[in-house]
Amino acid sequence: MTWSLELTDESAAPVGVLGGRSTYPAPSLTRRCVCCDVATGDAFALDPSFGSEQSAGQLRIPLCAACADHVPHSNLLDVAVSTGLGLGAVVLALGLFYLAIQPRDAWVILRVGAGLALVSAAPWAARHARVRSLAARGHHGRFSLTVGPGKCWIRTNNPRLRDELLAAHGERIRLARK
Ligand SMILES: [Zn+2]
Ligand SMILES: [Zn+2]
């Protein structure tokens with residue numbers, strides 16, 4: 001199961017600047033690996049502002065050396081997959097629209113749309129399979145962090161991390177959805 005936590009925090013020390021306008025709250029993380037829970041001094045730097053005009057500054061995410069290769073260090077893949085899927089959906093909708101008017105052209109468009117969606121979903125499916133096989137060995141390989149003005153969303157399948165964040169931020173954090 002993957003949880004999504006929404007952190008709203010205007011009072012605590014905010015991190016960075018998004019588009020020159022606003023800040024986002026930094027989650028309070030311990031020194032335990034976000035994936036396998038071991039105590040570690042290792043961490044990776046995550047800049048969650050990908051896609052905005054300006055760097056939001058980096059967060060240090062605790063991740064042990066053994067887990068370094070199976071936890072994504074940026075939201076790049078998520079952004080690419082959702083962009084590709086969105087584009088595929090638009091092309092498919094266009095194809096369906098033309099189906100009534102120009103059936104021959106419509107099939108070409110539908111094929112392109114389906115291809116786009118499949119190509120975009122492939123890396124996501126591969127990672128999903130990887131996360132499942134790692135879970136059997138006590139790893140929680142699903143971790144992502146996105147930010148908006150005054151907000152920070154943490155997605156994780158690690159119940160220890162979820163409970164720690166809920167305890168650390170009290171009423172400023174909530175489970176956004178399961
Ligand atoms: Zn680890
Ligand atoms: Zn791991």
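The values are calculated or read from the model by the stated rules, or taken from the named source; none is laboratory data. Computed from a predicted structure; not experimentally measured. With ideal geometry, Cβ positions are generated from the backbone for all residues, glycine too; neighbour counts draw on all protein chains shown.
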Kindly indicate the residue of the range 103-136 that is hydrophobic (A, V, I, L, M, F, W, C) and under 16 Å from the mean Cα position of the chain (by Cα) and also surrounded by the most Cβ atoms within 10 Å (Cβ to Cβ) among those meeting that condition.
V131
Only one of L118, L77, L134 is over 30 Å from D9 (Cα atoms) and more than 16 Å from ligand 2 (Cβ to nearest atom); which?
L118
Taking A106 as meeting all but one of (1) outside any strand (DSSP E or B); (2) modelled with pLDDT of 90 or more; (3) touching a strand residue (DSSP E or B) at 6+ places or on another chain (Cβ under 9 Å), write down the number of the exception.
(3)
Just the residues that are within 12 Å of the chain's Cα centre (by Cα), modelled with pLDDT of 80 or more and not in a loop (DSSP other than H, G, I, E, B), please, taken from the range 27-81.
L46, A80, V81
